[in-house]
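To keep things clear, I will list the structure first and then write my remarks on it.
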Amino acid sequence: MTYLRSRRTLAISSVALAAIALAGCSSTDSEPTASSTSITASTSTSSPVKAAPLAADEGTLTAAPTAQDAQTGTASEDAALTISDMRIGTHDGFDRVVFEFGGTGTPGWRSEIVSTANQQGSGNPLAVSGQAILQVMITGASMPYATGVEEYSGPNPLEAAPGGIVTEVRDAGIFEGTNQTLIGLSRPDADYRVYTLDNPTRLVVDVAR
């Protein structure tokens, strides 16, 4: 009985739908306006993220660096800077690491190639992939709450594309006005150079392949 009742109901519904369809054919409805919905997908992953290529004009020097010695630069007196971005790029004969800042002044630095690294303040060992570490201590640094700058929130460490001299870049934090950064190297005898750029404020590290 249930099956028969269902068939009868279906027949009545079909007649009703047909009547509605005929009524629609006799009207002059305009074509509906199409709408589109944009959906932004968010993907979460725990694995390191490859660095995006740098812009063609990122940096002013195009020849590979030729020095391995420790290098220094002096921060401006008004320096109060927070790292807002980190990037890695590949160029002919060298890899380039760029630290971009928000805040005031220009950064200084102390850099050297080391076999191990320990975090400022705590002294805890820091793991960096590669055969050596180019440690760049950036002076003139200040915490985000003091500068009002949105600090870098991307992958840390930032992993480089395979095949270069740079393996990864790590921001190890600020302690007493110095931002410790670490660049993993695939060999310990790499030549490098450090310099600054303006608009926006950047510290550039070139490492010869």
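Some observations on this one:
- Hits in segment 172-194 (condition: over 14 Å from L126 (Cα atoms) and either touching a helix residue (DSSP H, G or I) at 6+ places or on another chain (Cβ under 7 Å) or crowded, with 17+ Cβ neighbours inside 10 Å (or both)): I174, T178, N179, L185, S186, A190, D191, Y192, R193, V194
- If you filter segment 60-76 down to residues that are more than 25 Å from the chain's Cα centre (by Cα) and surrounded by fewer than 12 Cβ atoms within 10 Å (Cβ to Cβ), you find that the one that is modelled with the highest pLDDT is A70.
- The set of residues in segment 105-144 being touching an Asp or Glu at 6+ places or on another chain (Cβ under 6 Å) and among the aliphatic types (A, V, I, L, M) is empty.
- Residue satisfying all of: in segment 150-162; over 24 Å from S122 (Cα atoms) and within 16 Å of the chain's Cα centre (by Cα); surrounded by the most Cβ atoms within 10 Å (Cβ to Cβ) among these: A160
- Restricting G108, G121 to residues that are on the phi < 0 side of the Ramachandran plot and touching a Gly at 6+ places or on another chain (Cβ under 9 Å) narrows the list to G108.
- Residue within segment 163-171 that is surrounded by fewer than 18 Cβ atoms within 10 Å (Cβ to Cβ), of a type in the set (S, T, N, Q) and modelled with pLDDT of 95 or more present: no
The values are calculated or read from the model by the stated rules, or taken from the named source; none is laboratory data. On a predicted model such as this, the values are computed, not experimentally measured, just so you know. FYI the Cβ positions are ideal-geometry reconstructions off the backbone, even for glycines, and counts take in every protein chain you see.
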